[in-house]
Amino acid sequence: MWKGRATMMTKANECNAEATTVVFRMWRIDGQDELIALFPYAPASPCLVESYQCIGQHGDADYGRIVAHSRPATEDEYRNLKRELECIGYKLIVRQRASRNRMSNAWRELNTNNL
């Protein structure tokens, strides 16, 4: 397991966890709209970020691919998933998109820590 995933799961369970940026997206899988929470500043591996869905829960996701093939979720669409994440300990900052510079910094930090 990459250090990024272990760190995200640990942070989610801490009572005083720092705020985590999340991007909620709706994308189609097998003809069905699916909601996904992307954590753009939490790299899971050299090419993927942490994500969360009701089914499957934590996993890795290709941020760029999902954003390119999805649309932003509305507040009504992501309300329940946001509540679920908050119930397991996340303090969330909801954004429509991520900063490329901040994502690059997170990747650099991951690569430095995993060398």
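The values are calculated or read from the model by the stated rules, or taken from the named source; none is laboratory data. Nothing here was measured: the structure is a model prediction, and the numbers come from that model. Here the Cβ is made from the backbone with ideal geometry for all residues, glycine too, and neighbour counts use every protein chain on show.
Would you confirm, using the coordinates I've provided, whether GLY56 is at pLDDT 90 or above, at positive phi and not hydroxyl-bearing (Ser, Thr, Tyr)?
No; evaluated as a whole, the condition is false for this residue.
Scanning the stretch 42-86 for residues that are of a type in the set (Lys, Arg) and loosely packed, with under 15 Cβ neighbours inside 10 Å returns ARG65, ARG71, ARG79, ARG83. Residues of the stretch 9-18 include at least one that is surrounded by 15 or more Cβ atoms within 10 Å (Cβ to Cβ), among the basic types (Lys, Arg) and at pLDDT below 85. Could you tell me which numbered condition GLU75 fails, if it satisfies all but one of (1) free of Cβ contacts under 8 Å to residues at least 40 places away in the same chain; (2) under 18 Å from ARG95 (Cβ atoms); (3) within 11 Å of the chain's Cα centre (by Cα)? Of everything listed in (1) free of Cβ contacts under 8 Å to residues at least 40 places away in the same chain; (2) under 18 Å from ARG95 (Cβ atoms); (3) within 11 Å of the chain's Cα centre (by Cα), GLU75 misses just condition (3).
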